[in-house]
Amino acid sequence: MPAVVVSGSILLSFVGQAFVPVSQMMTPGQRILFGGRTWLIEVIDEEHKAIHVAPAKGGAPPLFNGGGGRVHTRVRERMRDIYLAQDTLPFLDPTAQRFLGEGRETFTTLALADRLLLDQGSHAILLTWLGDAANEAIACLLMSRGLRAFTGRLGVEIQRANHSLEEIEHLLGGDIGSEPAAPVDELLAKASNLAREKWDGLLSPHLLRQSYASSNLDLNEAMAWLRMTFKSRSYQVGSDTKLSCVPSSCNR
């Protein structure tokens, strides 16, 4: 959906362009990156194609898809393999080689091969190394349980509110991962910007949610990952190091 971005009475989207293309599901409370700043979505006015925002406080820059393609699981799995490897990639120029070295160093320093939940203060990052469709499904599963969660560059961003990392861990593995997924209507009950195709505006809310889910959510992959990860893998909840940026992936 093309949308204008409004902060109070200030029309922000006239900075550079009249409309901002938004191709991802959005919900109030989500952070977006616009005009070099991070904003918090307060209201989504689909009728007038407007997003009302307020300045966000700190935090890592969020993913705000302005029309680029969605990322498949195999791409992120390959990214992880490259970070784990030590071999050089001869087709990279010197600048890219430097970024790769910095990325591998950060990956090792933060022990990202073994950690799943990263403490970012007001929010946590669930490192899945899955594609956008599975990550968005996990975010919807969390939102159906009362948390605010959104897809991000490195996995799923979860707003902690008053929840500890241990509570989030228990919710993911003990509740969500061990029970059947909620119906699509429940998963997408609070989601906006679901219309994608030419005639989506004519669909009932139920059919629109079903259409969106069939094209953009991979619940099977999400549930399989949750069950496998939280059942068979031991991991540590990281709270001692704040994640800043893995250079090779943060400039996507």
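The values are calculated or read from the model by the stated rules, or taken from the named source; none is laboratory data. What you see is a predicted model; the values in this text were computed from it and never measured. A quick note on method: Cβ atoms are made from the backbone with ideal geometry, for glycine too, and the neighbour counts reach across all protein chains shown. The area values use the complete protein model at the heavy-atom level, side chains included, leaving out ligands, DNA and RNA. Shrake-Rupley method; radii C 1.70, N 1.55, O 1.52, S 1.80 Å.
Each row is one residue, and each column tells you yes or no for (1) of a type in the set (V, I, T); (2) open to solvent by less than 50 Å² (accessible area, probe 1.4 Å).
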residue	(1), (2)
D119	no, yes
T128	yes, yes
A149	no, yes
L154	no, yes
L171	no, yes
G174	no, yes
A182	no, yes
R196	no, no
R209	no, no
Requested in this report: Kindly indicate whether any position in segment 219-229 is modelled with pLDDT under 90 and closer than 30 Å to E102 by Cα.
Outcome: yes
Requested in this report: Evaluate the following for R98: is it over 18 Å from E77 (Cβ atoms), among the charged types (D, E, K, R), open to solvent by 10 Å² or more (accessible area, probe 1.4 Å) and outside any loop (DSSP other than H, G, I, E, B)?
Outcome: yes
Report task. Determine whether segment 177-198 contains at least one residue that is hydroxyl-bearing (S, T, Y), modelled with pLDDT of 85 or more and outside any strand (DSSP E or B). Result -> no
**Report entry** Hey, R70 part of a loop (DSSP other than H, G, I, E, B), within 23 Å of the chain's Cα centre (by Cα), under 30 Å from D218 (Cα atoms) and basic (K, R) or not
**Finding:** yes
**Report entry** Meets criteria (of a type in the set (S, T, Y) and modelled with pLDDT of 85 or more) for S164
**Finding:** yes
Query - Pairs, first over 16 Å from A133 (Cα atoms) in segment 188-210, second in a helix (DSSP H, G or I) and hydroxyl-bearing (S, T, Y), C-beta under 7 Å, six or more apart - result: D200/S211; L203/S211
